[in-house]
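Since the structure comes first, as C-alpha cells, the remarks are kept for the end.
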Amino acid sequence: MIDVRLLRQDPGGTRAALMRRGDAAVGEAVDAVLELDRRWRALVSETEGLKAERNAATEEVARRKRAKEPADELLASLKVSADRVKGLDTETKALEAELHETLLRIPNIPHPDTPTGPAEANRVLRACGEVPAFAFTPKPHWELGQTLGILDLQRGVKLSGSGFPVFTGAGARLVRALANFMLDLHTVTHGYVEVSPPYLVTRATLTGTGQLPKFEDDLYGLPTDDLFLIPTAEVPVTNLHRDELLEAGVLPLAYVAYTPCFRREAGAAGKDTRGLLRVHQFDKVEVVRLCRPDESAGEHELITAHAEEVLKRLELPYRVLELASGDTGFSAARTYDLEVWSAGVGAWLECSSASTFTDFQARRASLRFRPAPGAKPEFVHTLNASGVALPRTIAALLENNQAADGSVRLPKALVPYFGADRLLPQ
RNA sequence: GGCGUGGUGGCCGAGUGGUUUAAGGCAGCGGUCUUGAAAACCGCCAAGGGGGAAACUCCUUCGUGAGUUCGAAUCUCACCCACGCCGCCA
C-alpha cells in the first residue's frame, strides 16, 4: 500500500511515477483516492469537533451527578448531538472503507532506476555461464523426462488435470535432492533461518503481501473455510511478523522456506506451457528478508546474489534482467529476474524473481520496527527471491546436460544429495 | 463437532457504567549515587489519525462487528481466535 500522505503532498509526481506502469486504471484509482481522501478529511474534521463538544458536555454531566446537581437540560441537548455524531461516524466509516479498498488496489511506485515501458523494455544486466553447444539436436525436457522414466505428465492429467506433473523414481529423488541442496546452501552458507509454513492462508495474509484483493482469480481457494493455497512461500513467510513491532536489533531478518506453490494460471495452453514450463503446482525454495529502509538497496543486491549462487553451483548458464516498470509485479518497486538457459526448448526460462517491495507490503501487513529505543515505530522494507523454483531448473538441468545416448549428467554440487552423477534412460 | 474458560499497551497483568486522562510490574530511556558498573531511589515512556508554520491541540483504539446509554474496557447479541476437557483422527 502506498502512503496516502505522499499522494496528498505530491499528487502530480506520485501519479506520474505510478503511470510508468502503463495501466490507465491506476490513474483513475489515484484520482478516486485523492477525492475520497479530501472528502474524508473534511468529514473527520467536522465529526471530531462535534465529538470534542460532546465529550466536554459528558464530563460536565459526570461532574454534576457526583455533586448531586441537576443535569436534565444538558442530557436533553446531548441526546440530539449524540444522534448527529452517530450519523457522521457511520458516514466517515463508509468513506474510510472505500478509501482503504481503493488504496489496496493501487500498485507500488516503481523504483526511479527501472526502465520505463512494457516487458520489451526489460534490461539485461549480466549473463553468467556458457550456453552449451550440441553436435545433435537437443531434446526438450518432456521427451527426456519420459525416456529417463522420471516425469509422468499423462498420469498427472489423470489425477488433477494439466499442469500437475508427477515425478517418479529418480525424478522424485532429484526433486528432493535439489530442495535439500538449496536449503543447505541458504541456511548454512547464507545464514537464513529455515521455516516450514502453512500452505493454506487467510485473506488477511494474502492482503498483506498484495495478492488480495486484486488477484483472487489467480489463486486456488477453499470457499468452505475461506482459505487459499499459497502461490508462493513469500506469502506466509513475509506475514510471519504481521502486526508486530520489532526491535531494531533483530533486523535484518532472513528466512528460507521450501514449499509447494499453487497457481491457477488461467489462460490457454500452448507452447509456453508445455512440460514443466508453466504448471499449476510446483515446488520452490524462497528466501525472504525484512530490513531497515536504509539497508534495502544493498539487501536487494545481496538476496539476488544468493539466488544466483544456486544457479552457479548447479553450473547452469543464466542471465539477470532488470524488469521494466510495466513488467514489475503489483507489490514490487524493483525486480531482477534470473533466467536460466534451456537448450531443448531453446529459451531463457525465468526461474527466480528477486524483488524489493520497499514499505509497500510492510504498510499492508503492519510490519514495523523501532529504529532506536523510545523512537517512533517505522515500517520495515521487505524483499524476496526465489532460490530457486524447481520445475524450470529441472528442465534446464535435463536439457543442457543431455548426451546423445539420452543420458543426463548431474552437476557436482548435486551428486552428494542425489547419490549418483548421471540419469540413465530406462 | 460438543461443553467450559479466556482475549487489556513492546511484554506480563489489575480493572463490573462517569476522577481509567487504563492501576501495578517487566523491558527501554534520562537522572541521583559510584573510580566504573551493579543495586537502590527519582523521573520519563502506547499506537493510529485530524488540524496547525510551530508551541500545541483534538479524535479514535481494551479480539472484531453491531446494539443499549447523555456516557461502555465494564452491559447485550453475533462472529473470530487461543487454551482446557470430551468425541473423532494421521
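Quick look at the values:
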quantity	calculated
Number of the condition not met by A:P377 [criteria: (1) buried (at least 24 other Cβ atoms within 10 Å of the Cβ); (2) within 16 Å of RNA strand B (Cβ to nearest atom)]	(1)
Strands (runs of 3 or more DSSP E) wholly inside segment A:332-424 that include at least 2 residues being farther than 30 Å from A:L240 by Cα and of a type outside the set (S, T, N, Q)	A:334-342, A:347-356
Any chance A:T137 is among the β-branched types (V, I, T), within 22 Å of the chain's Cα centre (by Cα) and either part of a loop (DSSP other than H, G, I, E, B) or more than 27 Å from A:N401 (Cα to Cα) (or both)	no
Residues of segment A:217-275 classified as among the β-branched types (V, I, T), more than 17 Å from A:T382 (Cβ to Cβ) and surrounded by 15 or more Cβ atoms within 10 Å (Cβ to Cβ), total	2
Residue identified as more than 8 Å from RNA strand B (Cβ to nearest atom), at pLDDT 90 or above and of a type in the set (K, R) among A:R38, A:R64, A:R84, A:R105	A:R105
In segment A:101-122, the residues that are surrounded by fewer than 16 Cβ atoms within 10 Å (Cβ to Cβ), part of a helix (DSSP H, G or I) and within 20 Å of the chain's Cα centre (by Cα)	A:E101, A:A119
Any hit, segment A:6-17, residues being without any contact (Cβ under 8 Å) to a residue 40 or more places away in the chain and in a loop (DSSP other than H, G, I, E, B)	yes
Failed item in (1) in a loop (DSSP other than H, G, I, E, B); (2) touching a Leu at 6+ places or on another chain (Cβ under 9 Å), with A:E295 passing the rest	(1)
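The values are calculated or read from the model by the stated rules, or taken from the named source; none is laboratory data. In this text the structure is predicted, and so the values were computed from the model without any measurement. Please note: Cβ atoms are built from the backbone with ideal geometry, for glycine as well, and neighbour counts cover all protein chains shown.
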